[in-house]
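> The structure is given below, and queries will be raised subsequently.
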Amino acid sequence: MISIQPLQRVQPRKADEFRFSTLPPLALYIHVPWCVRKCPYCDFNSHKAPQTLPEEQYLSALRADLEQSLPLIWGRQLISVFIGGGTPSLLSEQTVDAMLSMIRAYLPLLPDAEITLEANPGTAEASRFKAYAQSGVNRISLGIQSFDDNALKALGRIHDGQQARLAIEMAQQAVERVNLDVMFALPDQTPELAIKDVQQALSFGTEHLSLYHLTLEPNTVFAKYPPVLPDEDQSAVMQDAMIQTVQEHGFEQYEISAYSKPGRRSRHNMNYWEFGDYLGIGPGAHSKLSFPDRIVRRAVLRNPQSWMEAAEKRDGSHLAEDVSVAFHDVPFEFMLNALRLKQGVPVGLYEEHTGQPLSYVLSALRRCRDKGLLADDPLRIRASEMGWRFLNDLQAEFLHDQ
């Protein structure tokens, strides 16, 4: 006799339940915490380097940090690696080579994975660029900030304009892709001086620029002892002139501070802005990781020595934060990133990278379009011209208490 089993009741999907059909792309961030000295405007997790860097201890702790994270990302492929800081170019060629060898041993990288290393233009550091490239680094991001010696001195930088120019040439000889960081609205800077900096950066034929407005961040020397800076009107004139200059050279502004030739966008940073996943290792590094039923944010201890000692214990004590993202917080987190992109993102990317149905944000999207903050584009979520000018207001529309 055939026994007939009772039908199982299918549980309906909860309104606040994550559901990913596929997980977002995954990138890796590695934090190197040391600098020759702390710049007065910097609020990053950077620390004055000791006379001799503890590279062996750092590398061992980095391995322990990564190994404790592997169960969270097992089997996933990396699209990019970003070695940031601090000043990663303080590390020896041997340490960077060992670091990248370790990454390849534990995690599969796409064959064309973008591997970026941040560097300062000091000549001693630039001499290592070719060795970094031989180890797998294929993109160098140089913190030029300015070519003007007076501006560099005001910013507390340890290099001068000539060292900056030499470092760019050495980077371009080592790798195909070079990004230059340039700051504006500097102490005593005029629009003419700001444009001159951009023109000098463009003269090297680089295909990616990051143009940053100097801001006085809390808990920095500049916040405590603020220099005299150009006012808002002067800064706006500088920014408009700089944007026009780079556009005349074939660059497109694809993010608030990022400009590139076609096809030369930073893949690693695009992954952030498109709400992709990233694993962060090293002191103070942050992670955002998706699972079939949740999104998790993690952060590790900021102090380098504390992080190294805790990571080696391999008991999770190196973690400063490990929390699941609330379902109702995801729309704001997604839009905080995606709307920084000048062209926005495809509509379908919302469901793919959040695990939420688009219907969850439809009312907010309609409200923003009615207010003229979002472009009337059925295929993309992107800011209108007015929304781009009032970006903070646009992003705030997606806070869950709106």
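> Give the residue list of trypsin sites (Lys or Arg not before Pro) in region 314-402 that are DSSP loop and have at most 16 other beta-carbon atoms within 10 angstrom.
Hits after loop and neighbour filter: Arg314, Lys342, Lys371.
> So, one more: Can you tell me the FRET efficiency between Gln94 and Gln305 if r is taken as the Cβ-Cβ distance and R0 is 22 Å, rounded to the nearest 0.05?
The formula returns an efficiency of 0.50 here.
> May I pose another question? Could you point to the label whose value was computed as mean projected area of the Cα convex hull in nm² for the structure here, given [x] 22.2; [y] 19.3; [z] 24.4?
Read-out from the structure maps to [z].
> So, one more: Counting Lys and Arg as +1 and Asp and Glu as -1, each charge on the Cβ, what is the dipole of the chain about the Cα centre in debye, to the nearest 20?
860
> GNM, the chain, Cα, under 10 Å: largest mean-square fluctuation among Ser359, Ser146, Ser235?
Result: Ser359 has the largest fluctuation of those listed.
> Of all beta bridges DSSP finds with both residues in the chain, what is the antiparallel percent, to the nearest 5?
Close to 40 percent.
> I've got another one for you. Along region 33-40, what does the Karplus equation 6.51 cos²θ - 1.76 cosθ + 1.60 (θ = phi - 60°) give for ³J(HN,Hα), rounded to whole Hz, x for Gly and Pro?
In residue order, the calculated couplings are x, 9, 10, 4, 7, 7, 6, x Hz.
> Another question, then. In nm, give the distance between the simple-model label positions of Arg389 and Asp293, each being 7 Å from the Cα along the Cα-to-Cβ direction.
4.8
> Report the calculated FRET efficiency for Glu192 and Lys48 (r = Cβ-Cβ distance, R0 = 51 Å), to the nearest 0.05.
With R0 = 51 Å, the Cβ-Cβ based efficiency is 0.90.
> How about region 161-224: which chymotrypsin sites (Phe, Trp or Tyr not before Pro) there lie in a loop by DSSP and see at most 10 other Cβ atoms within 10 Å?
Passing sites in region 161-224 do not exist.
> Mind listing the long-range amide H neighbours of Ser141? Cut-off is under 5 Å, sequence gap 5 or more, other chains count too, H placed in the peptide plane at 1.01 Å from N.
For Ser141, the qualifying residues are Leu117, Glu118, Ala119, Asn179.
> Whole-Hz ³J(HN,Hα) for each residue in region 340-348, computed from phi via Karplus 6.51 cos²θ - 1.76 cosθ + 1.60 with θ = phi - 60°, x for glycine and proline: what do you get?
6, 7, 4, 9, x, 9, x, 4, x
> Tell me, what is the 1.4 Å probe accessible area of Lys130, in Å² to the nearest 10?
We get 110 Å² for Lys130.
> Another question, then. What part of the accessible area of region 255-326, given as a whole %, is carbon or sulfur when the probe is 1.4 angstrom?
Answer for region 255-326: carbon and sulfur cover 48 percent of the accessible area.
> Helix 304-313 versus the longest principal axis of the chain: what angle, 0 to 90°, nearest 10, using Cα atoms?
40
> Moving on to the next point. Through the Karplus equation 6.51 cos²θ - 1.76 cosθ + 1.60, θ set to phi - 60°, convert the phi angles of region 84-90 into ³J(HN,Hα) values in whole Hz; use x for Gly and Pro.
These are the phi-based 3J(HN,Hα) values: x, x, x, 10, x, 6, 6 Hz.
> Could you point to the residue in Phe327, Gln253, Gly372 farthest towards the positive end of region 225-383's charge dipole, with +1 and -1 charges on the Cβ of Lys/Arg and Asp/Glu respectively?
Phe327
> Would you calculate a helix-derived [θ] at 222 nm for the chain, using -39,500 (n - 2.57) for each DSSP H run of n ≥ 4 and dividing by the full residue count, to the nearest 500?
-10500 deg cm²/dmol
> Could you size up the charge dipole of region 48-171 around its Cα centre, putting +1 on the beta carbon of Lys and Arg and -1 on that of Asp and Glu, and report it in debye to the nearest 20?
80
> How much accessible surface area, in Å² rounded to 10, belongs to the heavy atoms of Leu202 with a 1.4 Å probe?
Answer for Leu202: close to 20 Å² accessible.
> Taking Cα atoms, how many degrees apart are the long axis of helix 232-248 and the longest axis of the chain, rounded to 10 and kept between 0 and 90?
That helix lies at roughly 80 degrees to the long axis.
> Among Ala119, Val182, Pro226, flag the residue with its Cα farthest along the positive direction of the charge dipole of the chain, charges on Cβ as +1 for Lys/Arg and -1 for Asp/Glu.
The listed residue farthest towards the positive side: Ala119.
> Subtract the Cα-Cα distance of Leu166 and Lys342 from 0.36 nm times their separation in residues, and report this length gain in nm to one decimal.
My answer for the length gained is 60.1 nm.
> I want to check the label-to-label distance for Gln247 and Ser317. Put each point 7 Å from Cα in the C-beta direction and report it in nm to one decimal.
My value for the distance between the label points is 5.6 nm.
> Now for a different question. Please work out how much length the chain gains when fully extended from Leu72 to Ala131, using 0.36 nm per residue of separation minus the C-alpha to C-alpha distance, in nm with one decimal.
18.1 nm
> I've got another one for you. Might you report the magnitude of the Cβ-based charge dipole of region 229-325 about its Cα centre, with Lys and Arg at +1 and Asp and Glu at -1, to the nearest 20 debye?
560
The values are calculated or read from the model by the stated rules, or taken from the named source; none is laboratory data. All figures in this text were calculated on a predicted structure; none of them were measured in a lab. Neighbour counts run over all protein chains shown; Cβ positions are idealised from the backbone, glycine included. To get the accessible areas, we keep the full protein, side chains included, count just its heavy atoms, and leave off ligands, DNA and RNA. Shrake-Rupley method; radii C 1.70, N 1.55, O 1.52, S 1.80 Å.
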